[in-house]
Amino acid sequence: MPPLTIHMGGMMASLRAARHYGFSVLVATSLLTVSAASWAQETAAPTKPNNGRVTLTAGTDLLNAYMFHGIRQDDTGLIAWPAADIGISAFSGNGGLKSIGINVGTWNSLRTGATGLNGPSGKLWYESDFYATLGLGFGGGVSLGTTYTAYTSPNSAFGTVREIAFKLGVDDSKKLGKASLKPYGLVAFELDGQADGGTKEGRYLELGVAPGISGKMAGVAFPTKIGLGRINYDEMPGGGADTRCGYFSVSGIVTVPITGIPARLGGWNVHGGVEFQALGDATKAFNGGDGSKIIGSFGIGLSY
């Protein structure tokens, strides 16, 4: 997927389509991170209308800006992220391997701004991604997820990109309780097509933590992450060298379960949050010279 460039604020801003890792983390311990919808449902008070092996998770978020790995995608007009995920609990046991989960889903980006209705295509549906994840759960809260993603553009803004990503995480909540951090590391490899901010197929490394507190009335999460040590990612405009640190992100997300809905209709919530991103040299250049970005979001989620 070659970068889509449009003139914005006196500079050529690279606008790349890419799925915001994390919607599928709602229903699997192994998946990626982080969108407001995912952290919202992780921190909401749990409901269990469905005790079977198959789960459905869906939601929509509205945002003022779309940043992926610190690279500005769009900050014009209204942005909506509808998504849906089906999870299958394929195995559970008491040995070294505790669980196997399979997730398939779709993530989409609808835009009224420069890459959507007001862009060259005049079409709202900018991005539609398909992903499939195999998640393995081990003792001590350790999980390993492998995710294949195909990025596509219904309004033909870019060519299809294929990527594989691996996430290793630790759920330390049993040992640390409310002080748990849930650290993780993630690495992603572009297999076919160009999706990052440079001119070559790249590799991306992310480290993060996901502290939070959940209760019956509401949940609060503070996901924090840093993108660093990338190869052919966040290259300086014009084909310059990679930058060691692409960006740093810290978020605050509040989730409130919706009460009064019959359990047979699933567990619903509303959520909202604010994310602050501090950008490195390359991502700063892609952001029109601004060294930081504030992103606000509000959405509704469903788990069944």
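Throughout, read-outs are computed from the coordinates displayed, never taken from laboratory work. Predicted model only: the values in this text are computed from it and were never measured. Don't worry about glycine lacking a Cβ; one is built from the backbone with ideal geometry, like all the others, and counts go over all protein chains shown.
What the table shows:
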{"quantity": "Potential lengthening between L168 and L265 on full extension [0.36 nm per residue; Cα-Cα distance subtracted]", "calculated": "31.6 nm"}
{"quantity": "3J(HN,Hα) from dihedral phi, the stretch 246-258, Karplus parametrisation 6.51/-1.76/1.60, rounded to Hz, x for glycine, proline", "calculated": "x, 5, 10, 9, 9, 10, x, 10, 10, 10, 10, x, 8"}
{"quantity": "Protection proxy ranking of 175-187, 133-145, 76-88 - average other beta-carbon atoms within 10 Å, highest first", "calculated": "76-88, 133-145, 175-187"}
{"quantity": "Given K182/K225; K123/K200; K175/K225; K123/K293, the pairs whose alpha carbons are separated by over 20 Å", "calculated": "K123/K200; K175/K225; K123/K293"}
{"quantity": "The stretch 100-236: relative contact order in percent, alpha carbon pairs under 8 Å with at least 6 residues between", "calculated": "15 percent"}
